[in-house]
Amino acid sequence: MVRSALSNRGAVLGKGPRAGFEYIPAATVMAGSMMSLLPIVSASGWWPDWGLLMLVAWRLLRADAWPAWWAALLGFANDLIAGNPIGLSTSLWAALMIAMDVLDRRTLWRDYWIEWVIAALFVALAELAQWQVASILGAPVPMRSSTTPAVVISILCFPVAAFFAARLDRWRLGR
């Protein structure tokens, strides 16, 4: 009886992703960044930053999905794909990953609603930073008509990104 309790048959604790599937989180963040390439035309810029949403969703789901320095590389790729000023997403995503690391060390538990509030805070800060950089560069971007709809829609789309990240994680780990 003791021997059967100590055997590892069927145990999944400490087991990593299947072979070759460790890059799925980074690939989904890149796929999210490529969503900005879809031919959707809008005058107000309401389309959410799916790359950022997937990055936050994966980071809140799994702290060990990738090393923290990958956020800078993924942000650089997002800058190139989305047409942001080079370095904007690079520095912003790296700062968000550092903030999430600090937050993980400070919190003892989180539930779904707290993660949604955390994601909403990070998305709002990222949109505000993008708006600030655009205004510094001289773009006539009014905050109310451009940033507010993007923040609200991104916050409402976060559960979709979290759902995809959770489903892909279960598939990636073979559970």
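Nothing in this text is a laboratory measurement; each read-out follows from the coordinates by a stated rule. As the structure is a prediction and not an experimental result, all values here were calculated from the model. Note that each Cβ is placed from the backbone with ideal geometry, even for glycine, and that neighbours are counted across all protein chains shown.
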Can you tell me which of 65, 94, 72 is assigned to a loop (DSSP other than H, G, I, E, B), surrounded by 16 or more Cβ atoms within 10 Å (Cβ to Cβ) and either of a type in the set (Gly, Ala, Ser) or in contact with a strand residue (DSSP E or B) (Cβ under 8 Å, 6 or more places away or on another chain) (or both)?
-> 65
Do we find a residue being in a helix (DSSP H, G or I), crowded, with 16+ Cβ neighbours inside 10 Å and more than 19 Å from the chain's Cα centre (by Cα) anywhere in segment 118-130?
-> no
Screening 123, 160, 141 for residues that are farther than 24 Å from residue 26 by Cα and not aromatic (Phe, Trp, Tyr) leaves only 141
